[in-house]
Amino acid sequence: MDEKDLKRVEAHLKRTFGNPHVAVIARKQKDSAEVELKGEFIGVVYEDEDEAGSFLFEMAILAEDLDV
């Protein structure tokens, strides 16, 4: 992902989640970026191989993070 894509995806996630603390950070792998919320890792954004210009956001929710 280039810098332009990082900024576009970050702006979209900020709007979608209504949170200005979302950050999209480049990784060594050029096809993806890390997503953080207030400095805490929350997921990964990947370039969509099937649709140019689109992206996939993957976020794991661990059992220990859920309130029971």
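Nothing in this text is a laboratory measurement; each read-out follows from the coordinates by a stated rule. Computed from a predicted structure; not experimentally measured. Positions of Cβ are generated from backbone atoms using ideal geometry, with glycine treated the same way; all protein chains shown enter the neighbour counts.
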Next item on the list: Mind putting a number on the dipole of the chain about its Cα centre? Charges go on the C-beta only, +1 for Lys and Arg and -1 for Asp and Glu, and I need it in Debye to the nearest 20.
Entry: 420 debye
Note to self: Give the aspartates and glutamates reachable from Lys28 as a straight Cα distance under 20 Å; neighbours fewer than 8 places away on the same chain don't count.
What the structure shows: Asp2, Glu3, Asp5, Glu10, Glu36, Glu40, Glu47, Asp48, Glu49, Glu58
Check: So how much slack lies between Ile61 and Lys14, counting 0.36 nm per residue of separation and subtracting their Cα-Cα distance, in nm?
Finding: 15.0 nm
Margin query: Which order do the peptides 57-63, 22-28 come out in when sorted by mean C-beta neighbours inside 10 angstrom, highest first?
Written below: 22-28, 57-63
Item checked: Relative contact order (percent, whole number), the chain, Cα cutoff 8 Å, 6+ residue spacing -> 19 percent
Notebook entry, point to check: In whole Å, what three semi-axes, largest first, describe the equivalent ellipsoid of the chain built from its Cα gyration tensor (square root of 5 times each eigenvalue)?
Noted result: 21, 14, 11
Margin query: Helix 3-17 against the longest principal axis of the chain: what's the angle in degrees, Cα atoms only, rounded to the nearest 10?
Written below: 40 degrees
Next item on the list: Identify which of Phe41, Phe55, Phe17 has the largest mean-square fluctuation in a Gaussian network model of the chain, with springs joining Cα atoms closer than 10 Å.
Entry: Phe17
